[in-house]
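Please treat every number below as a calculation from the coordinates, not as lab data. All values reported here derive from a predicted model rather than from experimental measurement. Here the Cβ is made from the backbone with ideal geometry for all residues, glycine too, and neighbour counts use every protein chain on show.
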Amino acid sequence: MSPLVASLLLLICLALPLYGVEKFGSCMQGPAGTTGREGNPGTNGIPGTPGIPGRDGLKGEKGECINEIFEEPWRPNYKQCAWNSLNYGIDLGKVADCTFTKLRSDSALRVLFSGSLRLKCKNACCQRWYFTFNGAECTGPLPIESIIYLDQGSPELNSTINIHRTSSVEGLCEGIKAGLVDVAVWVGTCADYPRGDASTGWNSVSRIIIEELPK
């Protein structure tokens, strides 16, 4: 084949596909190729800029003020008055007293008298030892007292026997206001009974103890 013929055939082969696609669309699509592999993950992007601040929230309701009350811790408050050989032989009247400073009005006072007591008589008799607070007996709730009663006895027994015994008068009293309190021990008669020969604090130590207690 001459070079001229070969060149013509080459031109025809190149021109025919282009002409057919543009004018007649007679060329058929070939089969799809195989799916390619997945690519490598990309790197993280640059961080974004901060967002715009949000709007202010709604105004809250007005609160209430609460005043807290702090109570002071309780402090012990007590006092003791003591006498050596009081030897007080009266049958009616004040035996001893002790002044106390009460710190609170809503507290109670515990009182104690300790000392020897004696009563003697030929006939039946009764004596009463009791506390007063600023000159008045306790009313919160009741008086604080102790009594000694002697029966008439009999001819075979010596009813005038002279025995001194250490005894106590003790109790709690409420309703006493704060401040100075005169606490006293008295001796007197019992209701509906004659008095005898009383003695307080013979030949020994007598004492009054006062203590303030919370209610």
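Results, tabulated for the structure shown:
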read-out: Karplus-derived HN-Hα couplings along segment 110-119 (A = 6.51, B = -1.76, C = 1.60, θ = phi - 60°), whole Hz, x at Gly and Pro; value: 9, 10, 9, 10, 10, x, 7, 10, 8, 9
read-out: 5 angstrom amide H check on GLY196, placed H, neighbours 5+ away; value: CYS126
read-out: Computed FRET value (nearest 0.05) for ILE161 with ALA191, which takes r as the C-beta separation and R₀ as 25 Å; value: 0.50
read-out: Equivalent ellipsoid, segment 94-215 (semi-axes from 5 times Cα gyration tensor eigenvalues, Å); value: 32, 14, 10
read-out: Inter-probe distance in nm under a simple model that places probes 7 Å from Cα toward Cβ, at ARG104 and TYR149; value: 3.9
read-out: Residues ASP182 and ALA82, FRET efficiency given R0 of 22 Å [Cβ-Cβ distance, rounded to 0.05]; value: 0.80
read-out: Cα centroid separation, segment 115-145 to segment 192-213 (Å); value: 8
read-out: Karplus-derived HN-Hα couplings along segment 86-91 (A = 6.51, B = -1.76, C = 1.60, θ = phi - 60°), whole Hz, x at Gly and Pro; value: 4, 6, 9, x, 6, 9
read-out: Residues with amide H under 5 Å from that of THR189, placed H, sequence gap 5 or more; value: ARG128
read-out: Placed amide H near LYS102: partners under 5 Å, 5+ positions off or other chain; value: GLY179, LEU180, VAL181
read-out: Gained length - ILE90 relative to ARG75, 0.36 nm times residue gap less alpha-carbon distance; value: 1.6 nm
